[in-house]
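These notes concern the structure reproduced below.
The values are calculated or read from the model by the stated rules, or taken from the named source; none is laboratory data. Keep in mind that what you see is a predicted model, and the values were worked out from it rather than measured. Neighbour counts run over all protein chains shown; Cβ positions are idealised from the backbone, glycine included.
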Amino acid sequence: MKTIEDIRKSLESTYMEHEIEEKLPLIQEINRLKKEKNAVLLGHNYMTPDVFHGVSDILGDSLYLSKAAAETDADIILFNGVHFMAETAKLMSPEKKVLIADLKAGCSLAESITREDVKKLKSQYPGVPVVTYVNCTAEVKAETDICCTSANAVQIVNSLDSDTVIFLPDEYLAGNVQKQTNKKIISFPGRCMVHEMYTAEDILSVRKQWPGVTVISHPECNTDVVEVSDFAGSTSQMSKYIRDSGAKDVFLVTECSMGDNLRSEFPDRQFVSSCRTCPHMKRITLEKIKDALLYEQFEIKLDPEIVEKGRMAVQRMLEVSYK
Ligand code: 13P
Ligand code: SF4
């Protein structure tokens with residue numbers, strides 16, 4: 001259990017002192033409501049530090065948080081992340097009340113593809129297994145064989161007994177997986193609006209500016225960016241790499257808040273970041289989280305048919321990943 005002093009300390013590398021003092025009463029109120037409601041707050045690595053370090057109980061990448069959602073004893077799961085993540089939590093714990101503080105916290109990848117698109121691809125390539133990146137709606141998950149995240153995409157693709165695999169909807173992640181598997185990948189033109197902004201030229205110019213910098217990118221970036229990086233992985237794999245490699249100067253090719261959260265975790269390292277922000281992730285604020293707990297809003301509701309089929313796709317992924 002974090003003390004108020006622990007929380008204050010974890011916010012010092014991002015906020016001014018008076019900002020921290022303004023945030024602390026709200027953080028305390030949220031932490032009180034959490035106990036009163038027996039709620040657990042799952043926090044994605046892209047949350048701002050006040051939400052991430054201040055009020056979230058379980059922290060991590062999409063893979064870890066989907067496992068955590070399946071295992072919690074809490075009555076309420078409040079997902080501090082985007083809508084598809086809260087839907088995944090509902091798939092894994094359908095009997096629980098799953099909330100998100102802002103229903104408009106979407107995702108350019110999840111919005112790029114519909115259930116109809118998947119049905120069309122399946123009829124175009126009969127018998128070819130469909131892998132969907134978790135960054136898609138529950139309806140799309142329900143139409144697919146197995147999910148994956150950026151932490152396990154290659155492992156999931158290689159686990160399938162087929163030479164060809166349909167991989168949806170991120171074309172850049174698909175391209176990065178293609179470079180690490182012998183299977184033929186059929187992709188779809190979806191992209192993350194944050195990671196698609198980075199170019200290989202950006203990385204080369206940062207390397208000139210900061211000789212010796214370690215470049216860590218997310219595999220939602222295009223293959224050229226990943227190729228000129230020192231490491232590419234999911235958000236939690238990025239932190240693990242920083243911890244294990246001992247890298248001193250790090251350029252993070254990902255969403256802005258990741259750098260703020262890592263700066264607080266690794267005060268002895270230097271983070272260089274260009275700060276591209278995800279407007280969807282940034283919709284989740286302390287004020288909205290307090291209201292979400294107080295009024296038990298906004299609840300994720302899914303059709304039972306979608307829950308049954310979508311849950312299987314996520315469950316299969318967890319089985320392969322944590323076997
Ligand atoms: P991961 O945390 O699984 O790396 O996901 C990154 C992302 O873009 C989520 O929106
Ligand atoms: Fe979607 Fe990209 Fe935002 Fe993640 S960072 S929620 S993939 S738009």
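Below, the figures for the structure above:
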quantity: Any hit, region 108-117, residues being in contact with a helix residue (DSSP H, G or I) (Cβ under 7 Å, 6 or more places away or on another chain), assigned to a loop (DSSP other than H, G, I, E, B) and within 14 Å of ligand 2 (Cβ to nearest atom); calculated: yes
quantity: Selection count, region 77-97, where residues are closer than 16 Å to Asp291 by Cα and in contact with an Asp or Glu (Cβ under 7 Å, 6 or more places away or on another chain); calculated: 1
quantity: Test: residue in region 208-217 that is under 22 Å from Asp50 (Cα atoms), within 16 Å of ligand 2 (Cβ to nearest atom) and touching a strand residue (DSSP E or B) at 6+ places or on another chain (Cβ under 8 Å); calculated: no
quantity: Matching strands (runs of 3 or more DSSP E) fully within region 4-84 where at least 1 residues are more than 16 Å from ligand 1 (Cβ to nearest atom); calculated: 39-44, 76-80
quantity: Residue pairs meeting the criteria (Cβ under 6 Å; at least 6 apart or on separate chains; first in contact (Cβ under 8 Å) with a residue 60 or more places away in the chain, in region 156-168; second surrounded by fewer than 23 Cβ atoms within 10 Å (Cβ to Cβ) and assigned to a helix (DSSP H, G or I)); calculated: Ile156/Val320; Ser159/Val320
quantity: Residue match in region 274-293 (condition: within 16 Å of ligand 1 (Cβ to nearest atom), modelled with pLDDT of 95 or more, in a loop (DSSP other than H, G, I, E, B) and β-branched (Val, Ile, Thr)); calculated: yes
quantity: Residue in region 39-49 that is in contact with a Phe, Trp or Tyr (Cβ under 6 Å, 6 or more places away or on another chain) and modelled with pLDDT of 95 or more present; calculated: yes
quantity: Verdict on Ser56 being of a type in the set (S, T, N, Q) and within 24 Å of Ser10 (Cα to Cα); calculated: yes
quantity: Residue in region 276-286 that is more than 16 Å from ligand 2 (Cβ to nearest atom) and in contact with a strand residue (DSSP E or B) (Cβ under 8 Å, 6 or more places away or on another chain) present; calculated: no
quantity: In region 263-275, the residues that are over 16 Å from Thr48 (Cβ atoms) and within 16 Å of ligand 2 (Cβ to nearest atom); calculated: Ser274
quantity: Residue match in region 259-273 (condition: part of a strand (DSSP E or B), within 12 Å of ligand 1 (Cβ to nearest atom) and either surrounded by fewer than 15 Cβ atoms within 10 Å (Cβ to Cβ) or not polar (S, T, N, Q) (or both)); calculated: no
quantity: Asp50 buried (at least 23 other Cβ atoms within 10 Å of the Cβ), of a type in the set (D, E, K, R) and farther than 27 Å from Lys323 by Cβ; calculated: yes
quantity: Candidate set from region 39-74 (those that are among the small types (Gly, Ala, Ser) and in contact with a strand residue (DSSP E or B) (Cβ under 8 Å, 6 or more places away or on another chain)); member that is farthest from Glu255 (Cα to Cα); calculated: Ala74
quantity: Residue that is nearest to Thr48 (Cα to Cα) [pool: residues in region 276-323 that are surrounded by fewer than 17 Cβ atoms within 10 Å (Cβ to Cβ) and polar (S, T, N, Q)]; calculated: Thr277
quantity: Residue in region 95-114 that is away from ligand 1 (no atom under 16 Å from the Cβ) and free of Cβ contacts under 8 Å to residues at least 24 places away in the same chain present; calculated: yes
quantity: Residue list for region 249-295, filter: in contact with an Asp or Glu (Cβ under 6 Å, 6 or more places away or on another chain) and within 17 Å of Thr214 (Cα to Cα); calculated: Gln270
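One line per residue, one yes/no per condition, for (1) crowded, with 20+ Cβ neighbours inside 10 Å; (2) in contact with a helix residue (DSSP H, G or I) (Cβ under 8 Å, 6 or more places away or on another chain):
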| position | (1), (2) |
| --- | --- |
| Ile30 | yes, yes |
| Ala39 | yes, yes |
| Ser56 | yes, no |
| Glu71 | no, no |
| Asn80 | yes, yes |
